[in-house]
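Trainee: Dropping the structure in here first, questions after.
The values are calculated or read from the model by the stated rules, or taken from the named source; none is laboratory data. Since we're looking at a predicted model, the values are computed, not measured. Here Cβ is always computed from backbone atoms with ideal geometry, including for glycine, and neighbour counts include all displayed protein chains. Ligands, DNA and RNA are stripped out before the accessible areas are found, and what is left, the full protein with its side chains, is counted by its heavy atoms. Shrake-Rupley method; radii C 1.70, N 1.55, O 1.52, S 1.80 Å.
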Amino acid sequence: MPGVTPRSTQRPPPATRRALLLGALLGLTLPPATLAMSLLALPRPLRPATPPDDFRPPRPDMADRVLVRKAERRLYLLRDGVVLRSYAIALGFQPIGHKRREGDGRTPEGRYRIDWRNPASRFHRALHISYPGPGDRLRARLRGDDPGGAIMVHGTGPDTRRNGDWTAGCIAVDNAEIEQIWSLVADGTPIEILP
């Protein structure tokens, strides 16, 4: 038929070509239209989702935000922008940079939440950080890595003489301090970890 390119030589639009390439990298085998729609639904930009700013803790003496400054080795509990408490911390044994994969010894950077707690942790008590987020998982998968997980704010456990950055990627304080943090930070509290 005049003016019609045979189907076998038609090129898909650029967005579909990109989706097919990304799908191939991820090992996905879906029809191009389905794959394109699925990939368009991925979080953008590829970073942890920003927690809503409307979190309110259950008690007025509790923190409404946790801030970690890795370079300072400090964790801050904040309420309405005012520092309630500040703690010296230890980080992962490779503290520079954002966590990329399981076993890299890095502490994540970004915005997450305290989403559950473990009262019987081997490190005394532990508050779980919602790493990995969707962006962390996708970036790791694109590299062929496992993003890791089980990132916590925790105590030192029975050994209170630990020095330097010693965790596998967690944020550690001493056991008396994790007791304070435990009582002042509710599940759902946003935590921001800065370089």
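Trainee: Of (1) touching a residue at least 60 places away in the same chain (Cβ under 8 Å); (2) in a helix (DSSP H, G or I); (3) open to solvent by less than 70 Å² (accessible area, probe 1.4 Å), Q180 satisfies all except one. Which?
Mentor: Unmet for Q180, out of (1) touching a residue at least 60 places away in the same chain (Cβ under 8 Å); (2) in a helix (DSSP H, G or I); (3) open to solvent by less than 70 Å² (accessible area, probe 1.4 Å): (3).
Trainee: Shifting gears a bit: Anything in the range 51-81 that is surrounded by fewer than 16 Cβ atoms within 10 Å (Cβ to Cβ) and either modelled with pLDDT of 95 or more or within 19 Å of L127 (Cα to Cα) (or both)? List them, or say none.
Mentor: F55, R56, P58, R59, D61, R69, A71, E72, R74
Trainee: Do we find that L39 is among the hydrophobic types (A, V, I, L, M, F, W, C), under 21 Å from the mean Cα position of the chain (by Cα) and modelled with pLDDT of 55 or more in this structure?
Mentor: no
Trainee: Would you pick out the residues in the range 139-149 that are open to solvent by 20 Å² or more (accessible area, probe 1.4 Å) and in a helix (DSSP H, G or I)?
Mentor: Those that are open to solvent by 20 Å² or more (accessible area, probe 1.4 Å) and in a helix (DSSP H, G or I): R139, R141, L142, R143.
Trainee: G92 passes all but one of (1) closer than 27 Å to F55 by Cα; (2) buried (at least 21 other Cβ atoms within 10 Å of the Cβ); which number fails?
Mentor: Just one mismatch for G92, condition (1).
Trainee: Quick check, is A168 farther than 15 Å from E109 by Cβ, open to solvent by 20 Å² or more (accessible area, probe 1.4 Å) and at pLDDT 90 or above?
Mentor: When the stated conditions are applied, A168 passes them.
Trainee: All but one of (1) out of contact with any Leu (no Cβ under 6 Å at 6 or more places or on another chain); (2) within 19 Å of P190 (Cβ to Cβ) hold for I89; which doesn't?
Mentor: The single condition I89 does not satisfy is (1).
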